Amino acid sequence: MADTCGQVLLGSGLTVLSHPLMYIKVLVQVGHEPLPPSLGRNLFGRQVYQLPGLFAYAKHIIKIDGKVGLFNGLAPRLCAGTIGTLVHSSVLQVGLTSWLNVSGTSQKAEEGSLQHVVNETTKEMIARSCATIVTHPFHVITLRCMVHSICVYTIYSHVILNITNVSCFLAVEGLIPRLLGDILSLWICNMLAHLVNTYAIDDSMSHTGEIKNCAQAGTGFFASMLTYPFVLVSNLMAVNDCGLAGGLPPYASIYPTWVDCWRHLSLEGNMSRGNSLFFRKLPVGKTYAIDQKRFF
């Protein structure tokens, strides 16, 4: 129990610190560009038009809505993190272990072997999936609170926000791509880390533990890059046609299913939109309707 409480407190602290970054990333993902592109230089020194980066975007939000504006949607995200940690811990410690022992699917395997990695990854996959399913309504509420800032503040927008927040507890939009992305990322990360630890790292080397931890972090980053399109599609479907400006044209098209959203983004070459918040080059042939009105 003490370990779980520690994980909740640590997770909550990291959530608060990283929330402005996620908030800006979500606004970029839905195509919200309140600032015009500026002329800058790329890594090779060539002049290119660049979209505003993280700090310029954050400065604009602070100018419009103050520093508190960087924390829109923080409360439901903290709820999601706390509940997710509790569910994940409970499934690992109680339910999943008992079920595996009773069913006889748990196999004794040498630590570090492929079978051991598969067993541990399977347990982690089930625990993460349960946590994702339980906390998905709070995830949807978080995204819609963030996207709500795109529309002008009116009584009508407050009514829409309250209605959509209630409906979020029955919403499953974006759940399937989110689950698929989490599962694929977990398996890619652990399998690549196992290959690196087995064939590239010699146990006789000094600081083997630190090297393996670095390898795990590196494979995790690589896996997250590969599965980013699932994150993008999931977030867009969570706000798709929800009654808020960020889920409607011109910011977003109306997608019947997440597969249609994937196809549309792929055809437009936008599968990595929001993946980087620095050196955001203006895509060739793309135009943005820059609105300088109050968005918050």
5 Å is the cut-off here: which amide hydrogens, built 1.01 Å from N in the peptide plane, fall below it relative to Arg280, excluding neighbours closer than 5 in sequence?
Leu51
Expected field for Met225, accessible surface area in Å² at 1.4 Å probe radius, rounded to 10, holds 90
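Go through Ser272, Ser253 and list them by solvent-accessible area, largest first, probe radius 1.4 Å.
Working: Ser272 75, Ser253 45 Å².
Ranked list, largest accessible area first: Ser272, Ser253.
With the cut-off at 21 Å, tell me which of the pairs Lys25/Lys212; Lys63/Lys281; Lys25/Lys67; Lys59/Lys281 have Cα atoms farther apart than that. Let's see the in-between values first.
Details: Lys25/Lys212 30 Å; Lys63/Lys281 24 Å; Lys25/Lys67 17 Å; Lys59/Lys281 19 Å.
In this structure, Lys25/Lys212; Lys63/Lys281 lie more than 21 Å apart at Cα.
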Using a 1.4 Å probe and counting only protein heavy atoms, arrange Phe222, Phe71 so the residue with the most accessible area comes first.
Phe222, Phe71
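The values are calculated or read from the model by the stated rules, or taken from the named source; none is laboratory data. Keep in mind the model is a prediction, meaning the values are calculated, not measured. Remember, those area values only see protein heavy atoms, side chains included, never the ligands or the DNA or RNA. Shrake-Rupley method; radii C 1.70, N 1.55, O 1.52, S 1.80 Å.
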